[in-house]
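The values are calculated or read from the model by the stated rules, or taken from the named source; none is laboratory data. Bear in mind the structure is a predicted one, so any value in this text is a computation, not a measurement. Ideal geometry is used to build each Cβ from the backbone, glycine not excepted, and the neighbour counts take in all protein chains shown. The accessibility values were calculated without ligands, DNA or RNA, using every heavy atom of the protein model including side chains. Shrake-Rupley method; radii C 1.70, N 1.55, O 1.52, S 1.80 Å.
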Amino acid sequence: MTTTTPRNALSLAAALLTATVALYIALVAFGNITDFGTNQAFVQHVLAMDTTFKDDDLMWRAVTSKGLQNTAYVAIIVWETVAALVLIYGTWLWARRDHARARAVSTYGLLMLMLLFGAGFIAVGGEWFSMWQSKTWNGLDAALRVFVLSGVVLIVVQLTGRRSEG
């Protein structure tokens, strides 16, 4: 008869949570690739700051070049896609019970998401481009959800390494 130890249950939780975030960001990247225009418009409006308060002290930050806006959007999609692949690989390592490598790979993927949604969307989009001022193109709530979800999963993943694996 096999029993589940708390350590095994924690590793299972880390695996399933990593898989959940991997699925989520893979679907986000897939959606951005197959429905390119929807979020392209979002990125363009945020960077152009065309729905903010239009304060002259801030508007110099606006990026109105379509080329730069599209480059930023493609970079976001590439980052999301790579993060999804890293997290899928981490999930596969969890399934193989290669806990040390799974923990390391999952950590990289989760940090990639925290950087994108924390530094990219919350800090740069929200503050530098004043996204918080827009009633139409404000993605701060969605970015915060992904940032917090990734952070919680990162904590669970790190807890699996507190003691040697059994």
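Which condition does S150 not pass, out of (1) within 11 Å of the chain's Cα centre (by Cα); (2) part of a loop (DSSP other than H, G, I, E, B); (3) polar (S, T, N, Q), if it passes all the others?
With respect to (1) within 11 Å of the chain's Cα centre (by Cα); (2) part of a loop (DSSP other than H, G, I, E, B); (3) polar (S, T, N, Q), S150 is out only on (2).
Of the conditions (1) farther than 19 Å from R145 by Cα; (2) of a type in the set (S, T, Y); (3) part of a helix (DSSP H, G or I); (4) open to solvent by less than 30 Å² (accessible area, probe 1.4 Å), S106 clears all except one; give me its number.
Unmet for S106, out of (1) farther than 19 Å from R145 by Cα; (2) of a type in the set (S, T, Y); (3) part of a helix (DSSP H, G or I); (4) open to solvent by less than 30 Å² (accessible area, probe 1.4 Å): (1).
Of the conditions (1) without any contact (Cβ under 8 Å) to a residue 24 or more places away in the chain; (2) more than 25 Å from T34 (Cβ to Cβ), A102 clears all except one; give me its number.
Every listed condition holds for A102 apart from (1).
Report, by residue number, each residue of region 153-162 that is surrounded by fewer than 21 Cβ atoms within 10 Å (Cβ to Cβ) and either at pLDDT 95 or above or under 15 Å from the mean Cα position of the chain (by Cα) (or both). Steps first, answer last, please.
So the first thing to find is which residues in region 153-162 are surrounded by fewer than 21 Cβ atoms within 10 Å (Cβ to Cβ), and the list is 155-156, 158-159, 161-162.
I155, V156, Q158, L159, listed by residue number.
Going by what's in this entry, would R96 be described as of a type outside the set (A, V, I, L, M) and touching a residue at least 60 places away in the same chain (Cβ under 8 Å)?
Answer is no for this residue.
Do we have any residue at all in region 109-125 that's more than 25 Å from I155 (Cα to Cα) and either part of a helix (DSSP H, G or I) or open to solvent by 60 Å² or more (accessible area, probe 1.4 Å) (or both)?
Yes, region 109-125 contains a residue that is more than 25 Å from I155 (Cα to Cα) and either part of a helix (DSSP H, G or I) or open to solvent by 60 Å² or more (accessible area, probe 1.4 Å) (or both).
(1) closer than 20 Å to T52 by Cα; (2) in contact with a helix residue (DSSP H, G or I) (Cβ under 6 Å, 6 or more places away or on another chain): which one isn't true of S150, the others all being true?
All conditions pass for S150, except number (1).
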